[in-house]
Amino acid sequence: MQFLLYLIVGGLSFFVDIGIFVLLRMAEMPVIPASIVSFIAATGANYALSTILAFQGGRFRRHIELVRFLIVVLIGLALNTALVWLFAYPFGIEPTLAKIIAVPMVLVWNYLGRRLLVFHDRLPTPILKRLSLVRRRRRAAVATRVADTGKPAVEKPPIDLTRQPHQRASGWPRSMMSSSAGRNRSF
(Lines give C-alpha, C1' and ligand atoms only; values in the text may rest on other atoms or scores of the structure.)
Protein backbone atom coordinates (compact mmCIF):
# COMPACT_ATOMS: atom_id res chain seq x y z
CA MET A 1 0.00 0.00 0.00
CA GLN A 2 2.80 2.40 0.91
CA PHE A 3 4.55 1.92 -2.43
CA LEU A 4 1.28 2.57 -4.28
CA LEU A 5 0.82 5.81 -2.35
CA TYR A 6 4.42 6.72 -3.11
CA LEU A 7 3.72 6.11 -6.80
CA ILE A 8 1.02 8.78 -6.57
CA VAL A 9 3.50 11.10 -4.82
CA GLY A 10 6.14 10.26 -7.42
CA GLY A 11 3.68 10.78 -10.27
CA LEU A 12 2.74 14.24 -9.05
CA SER A 13 6.41 15.08 -8.49
CA PHE A 14 7.15 13.75 -11.99
CA PHE A 15 4.75 16.29 -13.51
CA VAL A 16 6.43 19.08 -11.55
CA ASP A 17 9.87 17.83 -12.67
CA ILE A 18 9.03 17.40 -16.35
CA GLY A 19 6.91 20.56 -16.52
CA ILE A 20 9.66 22.77 -15.15
CA PHE A 21 12.27 20.97 -17.28
CA VAL A 22 10.28 21.63 -20.46
CA LEU A 23 9.73 25.30 -19.53
CA LEU A 24 13.44 25.78 -18.83
CA ARG A 25 14.39 24.06 -22.09
CA MET A 26 11.95 26.33 -23.95
CA ALA A 27 13.82 29.24 -22.35
CA GLU A 28 16.96 27.67 -23.89
CA MET A 29 18.59 26.63 -20.62
CA PRO A 30 21.15 23.84 -21.21
CA VAL A 31 20.00 20.27 -20.53
CA ILE A 32 21.93 19.48 -17.33
CA PRO A 33 21.23 22.75 -15.46
CA ALA A 34 17.55 22.50 -16.46
CA SER A 35 17.47 18.91 -15.20
CA ILE A 36 19.02 19.93 -11.87
CA VAL A 37 16.68 22.89 -11.31
CA SER A 38 13.57 20.87 -12.18
CA PHE A 39 14.70 17.99 -9.94
CA ILE A 40 15.17 20.35 -6.98
CA ALA A 41 11.70 21.88 -7.50
CA ALA A 42 10.14 18.42 -7.72
CA THR A 43 11.96 17.42 -4.53
CA GLY A 44 10.18 20.12 -2.55
CA ALA A 45 6.81 18.88 -3.79
CA ASN A 46 7.89 15.29 -3.13
CA TYR A 47 8.83 15.97 0.50
CA ALA A 48 5.54 17.72 1.25
CA LEU A 49 3.46 15.02 -0.44
CA SER A 50 5.53 12.17 1.06
CA THR A 51 4.87 13.34 4.61
CA ILE A 52 1.14 13.77 3.88
CA LEU A 53 0.41 10.62 1.87
CA ALA A 54 3.11 7.99 2.02
CA PHE A 55 5.35 8.14 5.09
CA GLN A 56 4.95 8.79 8.81
CA GLY A 57 7.47 11.40 9.90
CA GLY A 58 8.99 11.67 13.35
CA ARG A 59 11.42 8.76 13.17
CA PHE A 60 14.17 11.29 13.85
CA ARG A 61 14.16 14.85 15.10
CA ARG A 62 13.10 17.23 12.32
CA HIS A 63 16.59 18.58 11.56
CA ILE A 64 18.05 15.04 11.44
CA GLU A 65 15.18 13.94 9.21
CA LEU A 66 15.86 16.83 6.84
CA VAL A 67 19.61 16.10 6.69
CA ARG A 68 18.92 12.43 5.95
CA PHE A 69 16.32 13.44 3.37
CA LEU A 70 18.81 15.78 1.68
CA ILE A 71 21.42 12.99 1.53
CA VAL A 72 18.89 10.73 -0.20
CA VAL A 73 17.96 13.63 -2.51
CA LEU A 74 21.58 14.36 -3.43
CA ILE A 75 22.17 10.73 -4.33
CA GLY A 76 18.94 10.79 -6.37
CA LEU A 77 20.05 14.02 -8.05
CA ALA A 78 23.41 12.45 -8.97
CA LEU A 79 21.64 9.39 -10.41
CA ASN A 80 19.14 11.54 -12.30
CA THR A 81 21.81 13.84 -13.73
CA ALA A 82 24.05 10.95 -14.75
CA LEU A 83 21.18 9.14 -16.47
CA VAL A 84 19.94 12.26 -18.29
CA TRP A 85 23.49 13.00 -19.46
CA LEU A 86 24.02 9.37 -20.55
CA PHE A 87 20.75 9.20 -22.48
CA ALA A 88 20.98 12.71 -24.00
CA TYR A 89 24.62 12.83 -25.05
CA PRO A 90 26.26 9.43 -25.68
CA PHE A 91 22.96 7.76 -26.70
CA GLY A 92 21.66 10.85 -28.54
CA ILE A 93 18.12 10.66 -27.12
CA GLU A 94 16.10 13.89 -27.21
CA PRO A 95 16.63 15.61 -23.79
CA THR A 96 12.97 15.62 -22.66
CA LEU A 97 12.64 11.93 -23.49
CA ALA A 98 15.96 11.29 -21.71
CA LYS A 99 14.53 12.99 -18.61
CA ILE A 100 11.29 11.00 -18.87
CA ILE A 101 13.28 7.74 -19.05
CA ALA A 102 15.54 8.69 -16.12
CA VAL A 103 12.84 9.72 -13.65
CA PRO A 104 11.19 6.28 -13.12
CA MET A 105 14.62 4.71 -12.63
CA VAL A 106 15.45 7.19 -9.89
CA LEU A 107 11.98 6.72 -8.34
CA VAL A 108 13.03 3.30 -7.05
CA TRP A 109 16.03 4.80 -5.22
CA ASN A 110 13.91 7.66 -3.89
CA TYR A 111 11.30 5.31 -2.42
CA LEU A 112 13.79 2.93 -0.84
CA GLY A 113 15.99 5.75 0.46
CA ARG A 114 13.08 7.55 2.05
CA ARG A 115 11.57 4.38 3.51
CA LEU A 116 14.77 2.85 4.85
CA LEU A 117 16.80 5.92 5.80
CA VAL A 118 14.46 8.83 6.50
CA PHE A 119 10.87 8.07 7.48
CA HIS A 120 9.01 5.43 9.49
CA ASP A 121 8.07 2.38 7.48
CA ARG A 122 4.38 2.89 8.20
CA LEU A 123 1.72 5.06 6.62
CA PRO A 124 0.87 8.48 8.09
CA THR A 125 -1.75 8.40 10.85
CA PRO A 126 -4.45 10.30 8.85
CA ILE A 127 -4.13 7.80 6.00
CA LEU A 128 -4.39 4.86 8.45
CA LYS A 129 -7.54 6.38 9.95
CA ARG A 130 -9.04 6.87 6.49
CA LEU A 131 -8.27 3.26 5.51
CA SER A 132 -9.80 2.05 8.78
CA LEU A 133 -12.97 4.04 8.07
CA VAL A 134 -13.19 2.60 4.54
CA ARG A 135 -12.70 -0.92 5.93
CA ARG A 136 -15.47 -0.44 8.55
CA ARG A 137 -17.85 0.83 5.87
CA ARG A 138 -17.03 -2.15 3.66
CA ARG A 139 -17.75 -4.56 6.53
CA ALA A 140 -21.03 -2.78 7.26
CA ALA A 141 -22.03 -3.05 3.59
CA VAL A 142 -21.21 -6.78 3.61
CA ALA A 143 -23.25 -7.26 6.81
CA THR A 144 -26.20 -5.41 5.24
CA ARG A 145 -25.95 -7.54 2.11
CA VAL A 146 -25.91 -10.71 4.22
CA ALA A 147 -28.97 -9.53 6.14
CA ASP A 148 -30.80 -8.70 2.89
CA THR A 149 -29.94 -11.90 1.00
CA GLY A 150 -29.62 -14.34 3.89
CA LYS A 151 -26.46 -15.75 2.34
CA PRO A 152 -23.28 -15.88 4.42
CA ALA A 153 -20.54 -13.59 3.19
CA VAL A 154 -17.01 -14.79 2.69
CA GLU A 155 -14.68 -12.06 3.84
CA LYS A 156 -10.93 -11.93 4.32
CA PRO A 157 -9.70 -11.51 7.88
CA PRO A 158 -8.91 -7.89 8.73
CA ILE A 159 -5.36 -6.63 8.31
CA ASP A 160 -3.95 -4.73 11.27
CA LEU A 161 -2.22 -1.71 9.69
CA THR A 162 -1.21 -0.36 13.08
CA ARG A 163 0.88 -3.44 13.96
CA GLN A 164 4.61 -2.89 13.65
CA PRO A 165 6.70 -5.34 11.56
CA HIS A 166 8.54 -6.62 14.64
CA GLN A 167 5.29 -7.55 16.42
CA ARG A 168 3.29 -10.73 16.13
CA ALA A 169 -0.43 -10.62 15.50
CA SER A 170 -0.99 -10.81 19.26
CA GLY A 171 0.74 -7.46 19.61
CA TRP A 172 3.58 -8.83 21.72
CA PRO A 173 7.12 -8.30 20.36
CA ARG A 174 8.88 -11.48 19.24
CA SER A 175 11.44 -11.14 22.00
CA MET A 176 8.64 -11.53 24.56
CA MET A 177 7.20 -14.52 22.72
CA SER A 178 10.39 -16.59 22.77
CA SER A 179 10.26 -20.18 23.96
CA SER A 180 12.54 -19.43 26.90
CA ALA A 181 10.18 -16.83 28.33
CA GLY A 182 8.70 -17.87 31.64
CA ARG A 183 11.00 -20.81 32.27
CA ASN A 184 12.43 -21.23 35.74
CA ARG A 185 16.17 -21.10 35.66
CA SER A 186 18.34 -22.52 38.37
CA PHE A 187 21.72 -20.95 38.95
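The values are calculated or read from the model by the stated rules, or taken from the named source; none is laboratory data. All of these numbers come straight from a predicted model, not from anything done at the bench. FYI the Cβ positions are ideal-geometry reconstructions off the backbone, even for glycines, and counts take in every protein chain you see.
The set of residues from region 19-40 being within 24 Å of F69 (Cβ to Cβ) and of a type in the set (G, A, S) comprises G19, A34, S35, S38. Only residues that are in a helix (DSSP H, G or I) and loosely packed, with under 14 Cβ neighbours inside 10 Å were counted across region 29-49, and they come to 4.
Residues of region 22-42 that are in contact (Cβ under 8 Å) with a residue 40 or more places away in the chain and under 17 Å from L107 (Cα atoms): S35, I36, S38, F39. Looking at region 1-21, which of the residues that are more than 12 Å from the chain's Cα centre (by Cα) and free of Cβ contacts under 8 Å to residues at least 24 places away in the same chain is nearest to R115 (Cα to Cα)? Of everything passing the filter in region 1-21, F15 is nearest to R115 (Cα to Cα).
Taking the criterion of being touching a residue at least 40 places away in the same chain (Cβ under 8 Å) and either outside the structural domain of P95 (by TED's automatic domain parsing) or β-branched (V, I, T) (or both), the residues of region 62-84 that qualify are I71, V72, T81, V84. The residues of region 51-81 that are touching a Phe, Trp or Tyr at 6+ places or on another chain (Cβ under 7 Å) and within 17 Å of F3 (Cα to Cα), listed by number, are A54, F55, Q56, G57. Can you pull out the residues in region 105-125 that are over 20 Å from F60 (Cβ atoms) and in contact (Cβ under 8 Å) with a residue 24 or more places away in the chain? Correct list: M105, V106, L107.
For region 13-28, the candidate set comprises residues that are out of contact with any Lys or Arg (no Cβ under 8 Å at 6 or more places or on another chain), among the aliphatic types (A, V, I, L, M) and surrounded by 16 or more Cβ atoms within 10 Å (Cβ to Cβ); within that set, the residue that is farthest from A54 (Cα to Cα) is L24. Taken as a whole, the condition of being buried (at least 17 other Cβ atoms within 10 Å of the Cβ), polar (S, T, N, Q) and farther than 28 Å from R130 by Cβ applies to T81. Only one entry of I93, I52 meets the criterion of being in contact (Cβ under 8 Å) with a residue 40 or more places away in the chain, assigned by TED's automatic domain parsing to the domain that holds I18 and either out of contact with any strand residue (DSSP E or B) (no Cβ under 9 Å at 6 or more places or on another chain) or not in a loop (DSSP other than H, G, I, E, B) (or both), and that entry is I52.
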